[in-house]
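Below is one structure, written out as structure tokens; the observations come after it.
The values are calculated or read from the model by the stated rules, or taken from the named source; none is laboratory data. All values reported here derive from a predicted model rather than from experimental measurement. Cβ placement follows ideal geometry from the backbone for every residue including glycine, while neighbour counts extend to all protein chains displayed. Quick note on the areas: whole protein, heavy atoms, side chains included, nothing else; ligands and nucleic acids left out. Shrake-Rupley method; radii C 1.70, N 1.55, O 1.52, S 1.80 Å.
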Amino acid sequence: MSYSPLRVSDVSPDPPLRRLGSAVHLFDAIPSTNTFLMDGIGDLPDGSVALAEIQTAGRGRLGRRWETPRGAAVLMSVLLMEDEASRLRANATMLAAVAACEALANVTDCDVRIRWPNDLKIGRKKLGGILAESRRAPQDKSTERPQWGVVIGIGLNCLQQARGFPPALAEKATSLAIESGSAPDRAGIVQALLARIDTWLTCDASAHEPWAQLHAAWRGWFGELGEHIEIEHGGHAFAGTVYDVVEGGDLILELDTGGRRQFDAATTTRKW
Ligand code: BTN
């Protein structure tokens, strides 16, 4: 598969954004852009961005691997330094999902929707995923309040063709190239993603409850309200109709067996 390598000048925000992109680290190959930024918490500045053409130890949710051919995807992580009380830690996946749907609506002709809890999909197929992680920054004596590093990683399938996916994924995964019939501009997608994430991060907190606003936007992009799904939680299988997703990301399912139950986004797995 041929691809045009990303260049720092093409992915650095122009004009500069309010919070993201003061430092952009672009790697040909790296174990994981999320791991790079997680390891850099305390050393790297707020708003640092890491991008790679290929990850040798790319990580997905719940310890799964995330693998894409060299140059085929957008593999991007951002680092945000937050106060301990910040609600970003609980809402980072939602923020990234909304920003990704908005960005892809702006720069592609694909109808990308959110699949609970952390996937991006087109139709019934997975286009990408989000991995948000955080840890407390090492505290130096001059810092009064503890700081947390929040890392948001996004992987988006861009240039893969149907035959390029491993057999186990062929029925479940798609790419922007497959859906639109032409090669997407990965640098343009990175720029659009950074711009939308930055807008949500810096939106005027005094105007409206920003997290409620984000939740409302998330529900607007959610593609599964009223759909019948199957999940696994605590070693048990559950099936039901999606009733809602609450602020912070937990799912409310109307169980086939009767009644409604709330499921934790961090520990519930989906059957495809
Ligand atoms: C998932 O689908 O479970 C989440 C996948 C997240 C993949 C992205 S690619 C960039 C960043 N670095 C990683 O190691 N993972 C995330």
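Brief remarks follow.
- Label-to-label distance, Ala216 versus Arg260, with points set 7 angstrom from Cα along the beta-carbon direction: 2.0 nm.
- Lysine pair count for the chain (Cα-Cα distance under 18 Å; residues 8 or more apart in sequence or on different chains): 7.
- Free of any GluC sites (Glu not before Pro) that DSSP assigns to a loop and that have at most 13 other C-beta atoms within 10 Å, the longest stretch within the chain is 1-83.
- Across the range 156-170, computed HN-Hα scalar couplings (Karplus, 6.51 cos²θ - 1.76 cosθ + 1.60, θ = phi - 60°) run 10, 6, 10, 9, 4, 9, 3, 6, x, 7, x, x, 5, 9, 3 Hz from first to last residue, x flagging Gly and Pro.
- Given +1 at the Cβ of Lys and Arg, -1 at the Cβ of Asp and Glu and no other charges, the dipole of the range 1-139 around its Cα centre is 680 debye to the nearest 20.
- Probe 1.4 Å, accessible area per residue of the chain, Å²: 47 Å²
- Measuring between their Cα centroids, the range 13-83 and the range 229-272 lie 30 Å from each other.
- Sequence of Asp244, Asp198, Asp256, Asp14 when ordered by accessible area, the most exposed leading, probe 1.4 angstrom: Asp14, Asp256, Asp244, Asp198
- Theoretical gain in end-to-end length, Glu171 to Ser2 [0.36 nm per residue, Cα-Cα removed]: 58.5 nm
- Annotation: for a label point projected 7 angstrom from Cα along Cα→Cβ of Ala23, residues of the range 39-62 with backbone N closer than 20 Å are 39-53.
- Once the convex hull of all Cα atoms in the range 160-272 is built, its volume per residue stands at 149 Å³.
- Sorted largest first by accessible area at a 1.4 angstrom probe radius, with every protein chain in place, the residues Val24, Val107 fall in the order Val107, Val24.
- Taking the convex hull of the alpha carbon positions in the range 92-154 and averaging its projected area over all directions gives 5.3 nm².
- Placing +1 on the Cβ of every Lys and Arg and -1 on the Cβ of every Asp and Glu, with nothing else charged, gives the chain a dipole about its Cα centre of roughly 600 debye.
- Of the beta bridges in the range 1-158, as assigned by DSSP with both residues counted there, near 85 percent are antiparallel.
- Furthest towards positive pole of dipole, Gln262, Leu95, Ala168, structure part the chain, Cβ charges: Ala168
- Charge context of Gly248, other residues only, Cβ under 14 angstrom, K/R +1, D/E -1: -2
- Note on the range 1-101: Rg/Rh from C-alpha atoms, Kirkwood Rh, equals 0.96.
- Computed FRET value (nearest 0.05) for Asp43 with Val246, which takes r as the C-beta separation and R₀ as 41 Å: 0.70
- Here the calculated FRET efficiency for Arg270 and Ala162, from their Cβ-Cβ distance with R0 = 22 Å, stands at 0.50, rounded to the nearest 0.05.
- When the inverse distances between all different Cα atoms of the chain are averaged and flipped, the Kirkwood radius reads 19.1 angstrom.
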